[in-house]
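Trainee: Following this message is one structure expressed as structure tokens.
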Amino acid sequence: MKLKLGMIGGGQGAFIGAVHRIAARIDDQYELVCGAFSSDPAKSKASGLLLNLSENRIYNSWEELIEKEKQLPENERVQVISIVTPNYVHFAPAKAALENGFHVILDKPATFSLQEAKDLQQTIEQTGTCFCLTHTYTGYPMVKEARQFALSGKLGKIRKVYVEYPQGWLSKFEEGSDNKQASWRTDPAKSGIAGAMGDIGTHAFNLCEYVSGLQINQLCADINTVVEGRKLDDDGAVLLKFTNGASGVLIATQVAAGEENNVKIRVYGENGGLEWQQADANTLKVMLLDKPVEIWRTGGGYTSSFAQQNTRTPAGHPEGYLEAFANLYRNFALTVKARSEGKQLQAEWLDFPGIEEGVRGMAFIENVIASGKSDKKWTDFTI
């Protein structure tokens, strides 16, 4: 039985909404039944009709969607609502959806502010609903393998973590043109207090905590706005300290002209290290002191159950960004279904980002911007 999916945002001209819809369809776990695709009612209707939705399930606003869907019989109404709006329209629809008993999939970062993320966490705890935050890169099979390798202790005590996310699409003043994505992502009223650090820095932060299994407890940030006239940061580097004493470096920039989205992570312990990058997402490089360098590949029978759960094709057949995104949707669907049916949950199904990652991501944004403005070398990571 497919879960009935609704969408808030993601209408004509939007980038990430289409990605979410593709991800939801890949494993046939969802059926898109309704949506409020734009704050412009005409655009919402046009978008919904293009998606072959019934006209009476295309809504003029997210408020109308939630109000009318909750009035439908249980076997007809939406079950999961995917929210793919700009950051400043994350909290209110997510909170309302959860309070009305709908499960929520939310694009990252979780909210506009840390306080909103904390409030959303409280709502989830009170309602008992399910929540997924789409930190895409944790959905790659070999990222999951890297995490299992680090958690197994084979690397020994983790000592060093390097993570970088270089982009070049904002190397010029794109918000001065008709570039909708650039306009809202560089607008503090819509994006929040951070630009690059909020948009892609949160991905890098989430990835280094996920793979290493550690949490950051101190940081020292250098935050820059390189392009003249820009209102938010577009470049930065952060020194990191982790709870076990390890140190690290995080780099996030949107002004590295010519770069695309080759997010990369390296984790080193006392016995060896790991390396993964999105440009060769099917490969995990394993470097142990007492062995030659090993190349681990997606689809290999030697990988963990977590990697295999998120692998669809035989070895040698590339899987990429859309499949990683789809893994989050599928694991979330399996969790929602199992909970509703009273079945036992598998650890592999539960391996998707949730509200804890959302709260820590918003704390990263606020701490890193505060550190960038501070004269102190080290700032405690506070939530």
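Trainee: In nm², what is the average projected area of the convex hull enclosing the Cα atoms of the range 1-75? Let's see the in-between values first.
Mentor: Working: hull surface 19.3 nm².
In nm², the orientation-averaged hull projection of the range 1-75 is 4.8.
Trainee: In the chain, if the dipole is taken from +1 on Lys/Arg beta carbons and -1 on Asp/Glu beta carbons about the Cα centre, which of ALA117, LEU151, VAL226 is farthest to the positive end?
Mentor: Of the options given, the answer is LEU151.
Trainee: Dividing the convex hull volume of the Cα atoms of the range 3-129 by its residue count, what figure in Å³ per residue is obtained? Present the calculation step by step, with values, prior to reporting the outcome.
Mentor: On the way: hull volume 12.5 nm³, N = 127.
So the per-residue hull volume is 98 Å³.
Trainee: Helix 355-373 versus the longest principal axis of the chain: what is the Cα-based angle in degrees, 0 to 90, to the nearest 10?
Mentor: Approximately 60 degrees, to the nearest 10.
Trainee: So for the range 190-349, Kirkwood radius off the Cα pairs, Stokes-Einstein at 25 °C and 0.890 mPa s: how many µm² s⁻¹? Please report the intermediate quantities before stating the final value.
Mentor: On the way: Rh = 18.3 Å.
Roughly 134 µm²/s, to the nearest whole number.
Trainee: Here is a further query. Given Cα pairs under 8 Å that are at least 6 residues apart, what percent is the relative contact order of the range 3-129? All intermediate terms of the calculation are to be shown ahead of the outcome.
Mentor: Numbers: 216 pairs, mean separation 29.6, N = 127.
The value is 23 percent.
Trainee: Next up: Picking from GLY358, LEU32, VAL293, whose Cα lies most toward the positive end of the charge dipole for the chain (charges on Cβ: Lys, Arg +1; Asp, Glu -1)?
Mentor: Looking along the dipole axis, the top candidate is VAL293.
Trainee: Right, something else. Determine the percent antiparallel among the DSSP beta bridges restricted to the range 3-129, to the nearest 5.
Mentor: 0 percent
Trainee: To the nearest 10 degrees, how steeply does helix 16-26 sit against the main Cα axis of the chain, on a 0 to 90 scale?
Mentor: Long axis of 16-26 versus the principal axis of the chain: about 90 degrees.
Trainee: Name the residue, out of THR253, THR136, THR225, whose mean-square fluctuation peaks in a Gaussian network model built on the chain with Cα pairs under 10 Å.
Mentor: THR225
Trainee: In whole percent, what relative contact order does the chain give with Cα contacts below 8 Å and a gap of six or more residues?
Mentor: RCO, the chain: 19 percent.
Trainee: Could you tell me the distance between the Cα centroids of the range 78-137 and the range 212-274, to the nearest Å?
Mentor: Answer, in whole Å: 26.
Trainee: When every alpha-carbon pair in the range 270-383 is counted, what percent end up more than 17 Å apart?
Mentor: 70 percent
Trainee: If you take every DSSP beta bridge fully contained in the range 65-219, what fraction is antiparallel? Give it as a percent rounded to 5.
Mentor: Numbers: 0 of 8 bridges.
Restricted to the range 65-219, the bridges split so that about 0 percent are antiparallel.
Trainee: A further question on this structure: What per residue convex hull volume, in Å³, comes out for the range 330-383 when only alpha-carbon positions are used?
Mentor: 97 Å³
Trainee: Another question, then. Given +1 on the Cβ of Lys and Arg, -1 on the Cβ of Asp and Glu, and no further charges, what dipole in debye does the chain carry about its Cα centre, rounded to the nearest 20?
Mentor: 600 debye
Trainee: For the residues CYS130, CYS220, what sequence is obtained by ranking on other C-beta atoms within 10 Å, fewest first?
Mentor: So the ranking, lowest neighbour count to highest, is CYS220, CYS130.
Trainee: Using the alpha carbon gyration tensor of the chain, what are the three equivalent-ellipsoid semi-axes (square root of 5 times each eigenvalue), largest first, in whole Å?
Mentor: Working through the eigenvalues yields semi-axes of 33, 26, 19 Å.
Trainee: Between GLU164, GLU357, GLU69, which gets the highest mean-square fluctuation from a Gaussian network model of the chain, Cα cutoff 10 Å?
Mentor: Ranking GLU164, GLU357, GLU69 by mean-square fluctuation puts GLU69 first.
Trainee: Taking other Cβ within 10 Å of each residue's Cβ, how do LYS376, LYS337 sort, fewest first?
Mentor: LYS376, LYS337
Trainee: GNM on the chain, C-alpha springs below 10 Å: top fluctuator among THR298, THR313, THR202?
Mentor: THR313
Trainee: Rg/Rh for the range 224-291 to two decimals, with Rh computed the Kirkwood way over all alpha-carbon pairs.
Mentor: 1.08
Trainee: Residues of the range 150-184 with the amide nitrogen closer than 12 Å to a label point 7 Å from the Cα of LEU289, along Cα-to-Cβ, please.
Mentor: The answer is 155-157.
Readers should treat all values here as calculations from the given coordinates under stated rules, not as data from a laboratory. Everything numeric here is computed off the predicted structure, so don't read it as measured data. Positions of Cβ are backbone-derived with ideal geometry, glycine not excepted, and every protein chain shown enters the neighbour counts.
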